[in-house]
Amino acid sequence: MPFNVKKMYINGEWVNSQADQSREILNPATGEVIAVVAEGTVEDVKHAIHSARKAFDEGPWRSFSAQDRASLLLQISSLIDEHKEELAKLETMNNGKPLREALSDVETASDAFRYYAGLVRTSLGETFDSTIDSIVIQEPIGVCTQIVPWNFPLQMAAWKLAPCLAAGNVSVFKPAETTPLSAIRLFELMSELDIPPGVVNLVLGAGRVIGNELTSNEHVDKVSFTGGTVTGKKIMANSIETMKKVTLELGGKSPVVVFSDVNIDTTVEYALFGIFLGAGQVCSAGSRILVHEDIYQEFIGKMTAHAEQIVVGNGLDEGVEMGPVASEAHMHKVLDFIQTGEREGATLATGGKRIVEGNYGKGYFIEPTIFTNVSNNMSVVQEEIFGPVVTVQTFSSEEEAVRLANSTKYGLAGAVFTNDFSRALRVTKSMKAGTVWINKYHSVNNQLPWGGFKQSGFGRDLGKNSLLEYTETKVVNMNIHSSAVGFYKSFSDNS
Ligand code: TXE
């Protein structure tokens, strides 16, 4: 079936790639082409940045009050709600995640627009004692480029666009090249609203081709990126020349610390949910389980038995609990990691293979995989695999658990499971991570700041933090009594 090429949205118009290039978009559950989209070039990016610059510096957008912007965000939220099923289905077809996960992402996306619509109308600046006569105001930064990955395409779009627009900035937004469909649909919905041309721009294409322009162009004031640490480092380097503000939400290798006093069944289910949600392609995936040695045998036995019962399949099918990984290239990367783990001497407790029987063979399915007998320096323990692969280690003391938990270059998230309240808090405080869950996993709320320590990045998405990170702080000092400075004698002599 021939497809109409889906276009980019620049300066309020739907445009083709200037080089007339396009890309096929696949369903990772079936390997089928489900859309064809424009493949942007550096020239397209320059056009989008120019439009955004003009919209920010000269357009009517600057005169939109917080109330006007909030009203727009609420309309975007309503449009997402009205198209919830359609957006979720599109996300499942493009990313592979089960429909129930996609529905939850759509709800989170809609709520992000609602949340920032409310937040931007609260007090953001500060005022001081009347004798100082100063105020502090938060102003928009300007042109923001926003680059997101393929694991939460719509949710990430909302996490970036909502605070950016709420604060009064303009955006040039780039989804991942393999999963652009829900973002294109979001821009189609936004294009129905009275948003001035150039305020929201959508560019499509490969990061390695257009990423440099997005992150080094002199007219860009801020870059917000979610993706891998390697790309994050390149972006940071690119932004130095013009001293752009940068927010980086990068990967993780998050530990799940399980003490011996827990309810084992409940904790095993959280451990499985922590790693196999999104087929492990979640930045905060609980990919390292650290279990107290006293309960290890029972824990690993139950974990393995339940992992083998996870229903893997096409995310559109009823009852599916884990979908494929998002692309063929990524599947091979994950399978390579598994082979390396085996080569390094780790034991496969379960899984480890691509699923190829019948229709599975057309998609990019990997068995839920658990490694045991790992040592801490193995690459399967240290590197972000970003697939349905988890390692399980043991510890004998709280000190050892904390040392192992903090022993990678990442620091995005972590969890501790225990019924000992003091121990839970002690371990939480010792963990070098932006989010720590106690006796649960993966709960995220748009009100709470989201981001990492160490090489998991810096700056925060979500919460008040994110809105403030889309602003510049300006101090205004006033002379409201028309008093003289009184510094030069000649002025007092003449008066
Ligand atoms: O990510 P990239 P990739 C991790 C995960 C994964 C690894 C590599 O471990 O295996 O990163 O995945 C755009 N300038 N995470 O290669 O490259 C790209 O087009 C500017 C964790 O897919 O980071 C896409 O839009 N942009 C992570 C986005 O960056 C560039 C989620 C993410 O792709 C660019 C994804 C460049 N030079 C991967 N090169 C998380 N934190 O959740 C690429 N891009």
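Every read-out reported here was derived from the displayed coordinates using simple, explicitly stated rules and does not represent laboratory data. Predicted model, so just to flag it, every value in this text is computed and none were measured. Cβ: placed from backbone, ideal geometry, glycine included. Neighbour counts: every protein chain shown.
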| task | For helix 207-216, report the angle its Cα long axis makes with the longest principal axis of the Cα atoms of the chain; keep it between 0 and 90° and round to the nearest 10°. | result | 30
| message | If you scale each eigenvalue of the Cα gyration tensor by 5 and take the root, what three semi-axes come out for the stretch 1-45, rounded to whole angstrom and sorted largest first? | response | 23, 10, 9
| message | On a full-extension model of 0.36 nm per residue, what is the gain between Asn373 and Asn445, subtracting their alpha-carbon distance, rounded to one decimal in nm? | response | 22.4 nm
| Additional length obtainable on full extension of the chain from Glu24 to Thr473, 0.36 nm per residue less Cα span | 157.3 nm
| note | What the 20 Å binned alpha carbon P(r) of the chain shows, as percent of pairs per bin from 0, is 23, 51, 22, 4, 1
| said: Order these by the 10 Å Cβ neighbour count, fewest first: Thr267, Thr145, Thr471. | reply: Thr471, Thr267, Thr145
| said: Would any residue of the stretch 457-495 have its amide N under 16 Å from a label point 7 Å out along Cα→Cβ of Asp133? List them or say none. | reply: 476-487
| remark: Counting only backbone N atoms under 18 Å from a point 7 Å out along Cα-to-Cβ of Glu32, the residues of the stretch 85-107 in range are 86-99
| field | Least to most buried among Ile355, Ile34 (fewest other Cβ within 10 Å first) | value | Ile34, Ile355
| With labels modelled as points extended 7 Å from the Cα through the Cβ direction, what inter-label distance (nm, one decimal) is found for Asp294 paired with Ala329? | 4.9
| note | Between the Cα axis of helix 328-343 and the main Cα principal axis of the chain, the angle (0 to 90°, nearest 10) is 50
| Given the alpha-carbon gyration tensor of the stretch 126-221, what are the semi-axes of its equivalent ellipsoid in whole angstrom, ordered largest first, with each equal to the square root of 5 times an eigenvalue? | 31, 16, 12
| message | If you average the alpha carbon positions of the stretch 452-468 and of the stretch 22-62, how far apart do those two centres end up, in angstrom? | response | 25
| message | What do you get for GluC sites (Glu not before Pro) in the stretch 58-139 restricted to DSSP loop and a cutoff of at most 15 other Cβ within 10 Å of the site's Cβ? | response | Glu58
| Helix 264-276 sits at what angle to the longest principal axis of the chain, using alpha carbons and giving 0 to 90 degrees rounded to 10? | 60
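Ranking Tyr470, Tyr296, Tyr488 by Cβ neighbours within 10 Å, fewest first, what do you get?
Tyr488, Tyr296, Tyr470
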| Cα-Cα over 25 Å: which of Lys89/Lys353; Lys222/Lys464; Lys333/Lys362; Lys432/Lys474; Lys160/Lys244; Lys174/Lys409? | Lys89/Lys353; Lys432/Lys474; Lys174/Lys409
| said: If I take every Cα pair under 8 Å that is 6 or more residues apart in the chain, average their sequence separation and divide by the length, what percent do I get for the relative contact order? | reply: 18
| Residues of the stretch 264-300 with amide N under 14 Å of the 7 Å Cα→Cβ point at Glu400 | 290-297
